[in-house]
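First comes the structure, then the notes that go with it.
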Amino acid sequence: MTAPHADQIIAGYLARLEAALAPLPSSRRQELIDDVRSHIAEARGALADETDADLLTIIERLGEPSETAAEEMAGTRAASSTATTVPSGGRQNLLEILAIVLLLVFWPAGVVLLWISDLWTTREKLIGTLVPPGGYLGIFFFGPVLLLTGVGFSCGSWSGSTTGPDGQTVTTSGTSCPPGVVMALFGVLGAIVVVAVLVSPIFTAVYLGRRLKRRSRIDSRRGAESQPRLVG
Amino acid sequence: MAAEPLVTQMRKGVLDYCVLALLHDRSRYGFEIVQTLAAIDGMLTSEGTIYPLLGRLRRDGLVQTEWKESSGGPPRRYYRATSDGRRALRAFREEWSTFRAGVDRILASGGPA
């Protein structure tokens, strides 16, 4: 059961953390807030029946936001001599965006980038690779072949024998298509499959994009930074 | 009360390497690392500070991360030591045993024999 004031307690803490991290680049700040948010979610998941007191304990164990912020700033100061921290997140997301685009237009390169990235899970990478296999390249390659086999299957050769009224066995055989109704059914089914296959790369791209957005290191909500997000 | 800042001081130099040691042989996710460290007295007083530390180790190339599905919950970010991280840990291990032996000797007898 959810504690009565769970959302307020968590949002309040995350807002304080966000405020303490204000001097940091937004990508770093957002990443840290996401880490702490999933920490709270994991800690809550371990509870059988949470109360407000449990949540306050989780928050208390996390420590003062200023401490976490100080630790993060200490890391920034040491690293700032070599490079500013702003582009690192952006560059890595560029790889993922490129991967999604290439999956659509040039699948082999897209797949390579997809598997290089560390922002997707293996399951997501498998979906990105196999739905559909080969992306649009695969569809245009294997699509005609599959279509032809489909036609070949439904219009296969048939043979049968019947016993005529005079006791003679009449054997009939030949190559023809099934009757019109069945053919029409195949046609409708085929059209549905073709549309599904043609749309599937776009679905996959959207799916990967949405997954990426959740763990994106770029904060796209520039205008709404003071507004704390609740844990869903 | 006076002991806490002392522990904090001592922890500063070694916590990075304790985390690297946890991530040497297998990958772990953030909350798992926190739980393991928190079980050891004095290792982690403010659990939130582990996340900046993990971020720093990653930017320094000492750990790598990977998202993995979890049963029932959202995907988790797993951390694992890189070859650079394992090398850093090896160097620390040697330094540490020399250092600890030196401190122990001084504490026991008031100076090298």
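Please treat every number below as a calculation from the coordinates, not as lab data. All values reported here derive from a predicted model rather than from experimental measurement. Here the Cβ is made from the backbone with ideal geometry for all residues, glycine too, and neighbour counts use every protein chain on show.
For chain B, the average shadow cast by the Cα convex hull is 8.9 nm², which is a quarter of the hull's surface. Spin-label model, A:ALA191 to A:LEU130: label points 7 Å out along the Cα-to-beta-carbon direction sit 3.1 nm apart. Taking 14 Å as the straight-line reach from the Cα of A:LYS213, the aspartates and glutamates in range (excluding those fewer than 8 positions away in the same chain) are A:GLU31, A:ASP34, A:GLU96, A:ASP118, A:GLU124.
Amide H contacts under 5 Å for B:VAL63: B:ARG58, B:THR82, restricted to partners 5 or more places along the chain or on a different chain, H placed in the peptide plane at 1.01 Å from N.
Of the residues B:CYS18, B:VAL103, B:SER83, the one whose Cα sits farthest toward the positive end of the charge dipole of chain B, with +1 on the Cβ of Lys and Arg and -1 on the Cβ of Asp and Glu, is B:SER83. Peptide A:34-42 is shielded by partner chain Cβ atoms: per residue, an average of 5 of them sit within 10 Å of its Cβ. This model, with +1 at the C-beta of Lys and Arg and -1 at the C-beta of Asp and Glu, gives chain B a dipole about its Cα centre of some 320 debye.
Distances between placed amide hydrogens fall under 5 Å for B:SER70 paired with B:ARG76, all partners being 5 or more residues away or on another chain. Residue order for B:LYS68, B:LYS12, A:LYS125, fewest other beta carbons within 10 angstrom first, comes to B:LYS12, B:LYS68, A:LYS125. Each residue in B:SER70, A:SER26 was given a count of other beta-carbon atoms within 10 angstrom of its own, and listing them fewest first yields B:SER70, A:SER26.
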